[in-house]
Amino acid sequence: MTREVLRVEKVGKAYRDYSSEWSRFANWFGFKSQSRHEKWVLRDISFSVREGEAIGIVGENGAGKSSLLKIITGTSRASEGAVTYFGRIAAILELGMGFNPDLTGRQNVYHSSGLMGFSRQDVDGVIAAIEDFAEIGPYFDEPVRTYSSGMAMRVAFSVATAFRPEVLIIDEALSVGDTYFQHKSFARIREFQKAGTTLLIVSHDKAAVQALCTRAILLEHGRVIRDGEPEAIMDYYNALIADKENNKIRTEVKADGRTQTISGTGEVQVSSIALYNGAGEPVEFVAVGQPLHLRVKVSAQVAVPHLVLGYMIKDRTGQQVYGTNTFHTKQVVSDIKCGESIEFLVDFPANLGPGHYSISTALVSTDTHLVNNYEWRDLALTFSVTNLDKPGFVGLAWIPPTIKVLRA
Amino acid sequence: MNQMLLALWRYRHFMISAIKADLRTRFNRSKLGASWMILQPLAQVAIYAIVLSSLLAARLPAGKGAHLSYAVYLIAGMVPWSLFAEVVSRSLTMFVDNAGLMKKIAFPRICIPVITLGGALVNHALLLMATLLIILITNHPVTWLILWVPVLTMALLVFAAALGLVLGVINVFVRDVGQVMNVVLQLWFWMTPIVYVADVLPEQFQRVVAFNPVAPVIQGYQNVLLFQQMPPFVRLGLLLVGSLVFLGLALYMFRKAAPELVDVL
């Protein structure tokens, strides 16, 4: 078992309102005043984080993610409970927050490192590396007010990650400038992760959470409602943000240990789903490039005006590989009668890389499940792709090339 | 307490660089740069000297070079006053001004008041040097009594820091404090014997001045820089003891208030 680096125990946060500011002041000096409103934004949050884990903290706006992060980074204090760390915590929250526009990039590096508690000597040792990583050339010695926002971000990210912390907290702000630098910063984060840094990532970006995280924590109304494997949590979160009324969420552990999430009103349901090869035989193991045939049978429990079927192929980690729906293909079914059964036949080639895949289905009324979610079924079907007869390749997609080699 | 000092020591580099950055920001792009720190109070002294010495000449010590002495008297009082006024008025807004930083970055909050004090102190040191220069130029003697200046400054700084800290914290919750204090500082200035000599006041006002905590320091400056006298020890001692107690209370209040500051900012 790896070392514990962060422990959050029964943390709660309340914002207090006093009937008058005088009672607030009196409170500091030990006079307990009765008349105060407490608004709890976090309650009873407990979890423990181990070395090398990557944890995604997800939840809707107002679920308490930012408040929790503030408490973990130490900018705000918990009203109850305790946060204990064993190592240094660094946060990439608002990049460039401590920058002074009149100082040069170099001076700001010293300045904001000081803000993180580093001494001049510490920074002297890494200043060259920071300058290299930021790649902003001679601008490094110009005042920051002359920078473009992208340049300021580059310097800020370079400073924030100049020293490898035990725990790195990353807010949504990770979309740092241009694509080139984004890749570079992601590479650095992965490098830290390999070296044992624990990541705490707050994001709405499903793909980012699933790509980086080994575990996810779902917050709702200031409480932890799910804590576990990212794919299952993200599926649950996805179900949670669906049409709130009459929305029931069901989770089930499948035979292979993965958690299936089914949500929705249940007005229309998938009654059977199966995958066939070109010869019409049911398949579970598929060869790269092989033509496939997906058959989805649905039945309406009540009459509904419109019906759209969406399906999505996801890889082992839950990354979306391909998805579409009959709204996009302009095949919306209208006036479905109670008890009616409809079959959808989907043909597509398995242009996928070798690996395990799953198919999720969605039965909705428009192109999003946020309006009328009849049923959303994750892990409706799983299959594996193997490379039988194609030249070797890596990646999620099979994009067959024609390569010409010209020699002079 | 120990923790506070330890935190300050760890963040000394940041505080030094923040003070430097602050000075740089204030005088960036001005042709005369940091000399404005000295020129501004001196210009004020010049205005008072010209206006008051010509209007109120009769009330001031007469004789050859009297208006020059009056100028030195003015400077001797104005220099510590401007330190006091700067610390108080900047402390008022220090938490509000640094709201963004406090909300986003975890660093010891006590750094903020220390940076405010540091900046004011640098300002004060420069002004003091200019003052000494003026004293020499105007043929007034500079004696060993000048060694009292750091002691006087220290006493004033403790009082100003305590007052500033309390007001700065309260101003976060009740913003009216900032507005009120600007007026109060003006009034306070005129209740302190800076442009006039305490003796010329009517008796009831003299009593008010006796309770003015800034007055002993101002008087001390005037004594050691111009009159070649000892500072008023008893009142100064009382001020220092009182201020230390006040500062203790202010720090206690700050510790209690610190977690709520961020919530409200």
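Things to note:
- Pairs where the first residue, in region B:104-115, is at the interface with another protein chain (Cβ under 9 Å from one of its Cβ atoms) and the second is in a loop (DSSP other than H, G, I, E, B) and among the hydrophobic types (A, V, I, L, M, F, W, C), C-beta under 7 Å, 6+ apart: B:LYS104/A:LEU93; B:LYS104/A:MET97; B:ILE105/A:MET97
- Test result for B:LEU236, under 13 Å from B:TRP148 (Cβ atoms) and modelled with pLDDT under 90: yes
- Residue check for A:ALA211: closer than 24 Å to A:MET234 by Cα, assigned to a helix (DSSP H, G or I) and of a type in the set (A, V, I, L, M, F, W, C): yes
- Within region B:227-239, considering residues that are aliphatic (A, V, I, L, M) and surrounded by fewer than 19 Cβ atoms within 10 Å (Cβ to Cβ), the one farthest from B:ILE135 (Cα to Cα): B:LEU238
- Residue in region A:1-20 that is modelled with the lowest pLDDT, counting only those that are farther than 22 Å from A:ALA78 by Cβ and open to solvent by 60 Å² or more (accessible area, probe 1.4 Å): A:MET1
- Strands (runs of 3 or more DSSP E) contained in region A:232-310 and holding at least 1 residues farther than 19 Å from A:LEU379 by Cβ and open to solvent by 60 Å² or more (accessible area, probe 1.4 Å): A:291-300
- Flag if A:LYS65 is buried (at least 16 other Cβ atoms within 10 Å of the Cβ), at pLDDT 80 or above, more than 10 Å from chain B (Cβ to nearest Cβ) and at negative phi: yes
- Tabulated pairs, region A:137-166, first open to solvent by 40 Å² or more (accessible area, probe 1.4 Å), second among the charged types (D, E, K, R), C-beta under 7 angstrom, 6+ apart or interchain: A:ASP141/A:ARG106; A:ARG145/A:ASP102; A:GLU166/A:ARG88
- Test: residue in region A:10-31 that is assigned to a loop (DSSP other than H, G, I, E, B), more than 10 Å from chain B (Cβ to nearest Cβ) and more than 24 Å from B:ALA257 (Cα to Cα): no
- Residue in region A:175-185 that is free of Cβ contacts under 8 Å to residues at least 60 places away in the same chain and aliphatic (A, V, I, L, M) present: no
- Any hit, region A:333-347, residues being among the polar types (S, T, N, Q), open to solvent by 60 Å² or more (accessible area, probe 1.4 Å) and in a loop (DSSP other than H, G, I, E, B): no
- Residue within region A:313-326 that is closer than 23 Å to A:ALA232 by Cα and among the acidic types (Asp, Glu) present: yes
- Single residue of region A:163-180 satisfying the filter (modelled with pLDDT under 80 and outside any loop (DSSP other than H, G, I, E, B)) that is farthest from A:GLY59 (Cα to Cα): A:TYR180
- Residue match in region A:41-58 (condition: under 20 Å from the mean Cα position of the chain (by Cα), open to solvent by less than 60 Å² (accessible area, probe 1.4 Å), closer than 22 Å to A:GLY87 by Cα and within 14 Å of chain B (Cβ to nearest Cβ)): no
- Subset of region A:76-93 that is open to solvent by 30 Å² or more (accessible area, probe 1.4 Å) and of a type in the set (S, T, N, Q) - its residue that is nearest to A:THR161 (Cα to Cα): A:THR84
- Failed condition for B:SER243, given (1) surrounded by 15 or more Cβ atoms within 10 Å (Cβ to Cβ); (2) within 14 Å of chain A (Cβ to nearest Cβ): (2)
- Single residue of region A:94-120 satisfying the filter (at the interface with chain B (Cβ under 9 Å from one of its Cβ atoms), over 20 Å from B:PHE27 (Cα atoms) and open to solvent by 20 Å² or more (accessible area, probe 1.4 Å)) that is modelled with the highest pLDDT: A:TYR110
- Reported count of residues in region B:1-29, each being open to solvent by less than 40 Å² (accessible area, probe 1.4 Å) and farther than 28 Å from A:GLN121 by Cβ, is 1.
- Filter result for A:THR73 (among the β-branched types (Val, Ile, Thr), at the interface with chain B (Cβ under 9 Å from one of its Cβ atoms) and either open to solvent by 10 Å² or more (accessible area, probe 1.4 Å) or within 24 Å of A:PHE163 (Cβ to Cβ) (or both)): yes
- Enumerated helices (runs of 4 or more DSSP H) restricted to region B:84-186, each holding at least 1 residues that are among the β-branched types (Val, Ile, Thr) and surrounded by fewer than 16 Cβ atoms within 10 Å (Cβ to Cβ): B:111-137, B:148-173
- A:VAL126 part of a loop (DSSP other than H, G, I, E, B) and either surrounded by fewer than 19 Cβ atoms within 10 Å (Cβ to Cβ) or modelled with pLDDT under 85 (or both): no
The values are calculated or read from the model by the stated rules, or taken from the named source; none is laboratory data. Not measured: the values here are computed from a predicted model. Positions of Cβ are generated from backbone atoms using ideal geometry, with glycine treated the same way; all protein chains shown enter the neighbour counts. What goes into the accessible areas is simple: the full protein's heavy atoms, side chains included, and nothing from ligands, DNA or RNA. Shrake-Rupley method; radii C 1.70, N 1.55, O 1.52, S 1.80 Å.
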